[in-house]
Amino acid sequence: MTKPDNVIARKMANALMKDAEMGDRASALLGAGGRLGTNAVKNLMGGLWVGGTTYLTTDAVEFHPNGLNRALHKDPDSMSVVLPLRSITSVETRFGIGTKIIDLKTAIGTLSVRCYGAEGFARKIEDARGV
């Protein structure tokens, strides 16, 4: 994954991916107990938190998984998300343990990302949207 053009801000972040699946290497490393625990967490949270970078550009918010998560998950390319700013209907910040969570809502769904400095990053997104 190459860095997008026209980056205004970026944050190391985790994104909640409802369809994320552990790959064969990760499953082997985790063992049966780890797989059960991972599945329980996924069911409880509605997905897995995937580490990577969230970029704010002049026209979009993009999330791309980091190298470790690309190596450990099935179909890592499916975890890259590009949300055009014009498609974002609201930006909301909510409580999270350790870091706050930003919910980027669109007409077809929500991308949730958690990062340090979430409130400031959310304000930058709002400013870029012109809201």
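Go through segment 71-85 and give me each residue that's open to solvent by 70 Å² or more (accessible area, probe 1.4 Å) and either among the hydrophobic types (A, V, I, L, M, F, W, C) or without any contact (Cβ under 8 Å) to a residue 40 or more places away in the chain (or both). Residues satisfying the conditions are D77, V82. The requirement of being in contact (Cβ under 8 Å) with a residue 24 or more places away in the chain and in contact with a helix residue (DSSP H, G or I) (Cβ under 8 Å, 6 or more places away or on another chain) is satisfied by T58.
Residues are listed down the side, and each one gets a yes or a no for (1) touching a Pro at 6+ places or on another chain (Cβ under 9 Å); (2) modelled with pLDDT of 90 or more; (3) more than 29 Å from V131 (Cβ to Cβ):
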| site | (1), (2), (3) |
| --- | --- |
| V7 | no, yes, no |
| A15 | yes, yes, no |
| G31 | no, no, yes |
| T38 | no, no, yes |
| L48 | no, no, yes |
| A60 | yes, yes, no |
| R70 | yes, yes, yes |
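Determine whether A26 is surrounded by 15 or more Cβ atoms within 10 Å (Cβ to Cβ) and either modelled with pLDDT under 75 or farther than 17 Å from K74 by Cα (or both). The answer is yes for A26.
Looking only at segment 44-55, which residues are surrounded by fewer than 21 Cβ atoms within 10 Å (Cβ to Cβ) and either polar (S, T, N, Q) or part of a strand (DSSP E or B) (or both)? Across segment 44-55, the qualifying residues are W49, G51, T53. Inclusion of G67 among residues that are free of Cβ contacts under 8 Å to residues at least 24 places away in the same chain, surrounded by fewer than 20 Cβ atoms within 10 Å (Cβ to Cβ) and either out of contact with any Ser or Thr (no Cβ under 8 Å at 6 or more places or on another chain) or within 19 Å of A118 (Cα to Cα) (or both) is warranted. Put simply, of I108, I125, I88 the only residue that is surrounded by 15 or more Cβ atoms within 10 Å (Cβ to Cβ) and more than 17 Å from P4 (Cα to Cα) is I88.
The values are calculated or read from the model by the stated rules, or taken from the named source; none is laboratory data. Quantities reported herein were computed from a predicted structural model and do not represent experimental measurements. All Cβ positions, even for glycine, are placed from backbone atoms using ideal geometry, and neighbour counts span all protein chains on display. The area values use the complete protein model at the heavy-atom level, side chains included, leaving out ligands, DNA and RNA. Shrake-Rupley method; radii C 1.70, N 1.55, O 1.52, S 1.80 Å.
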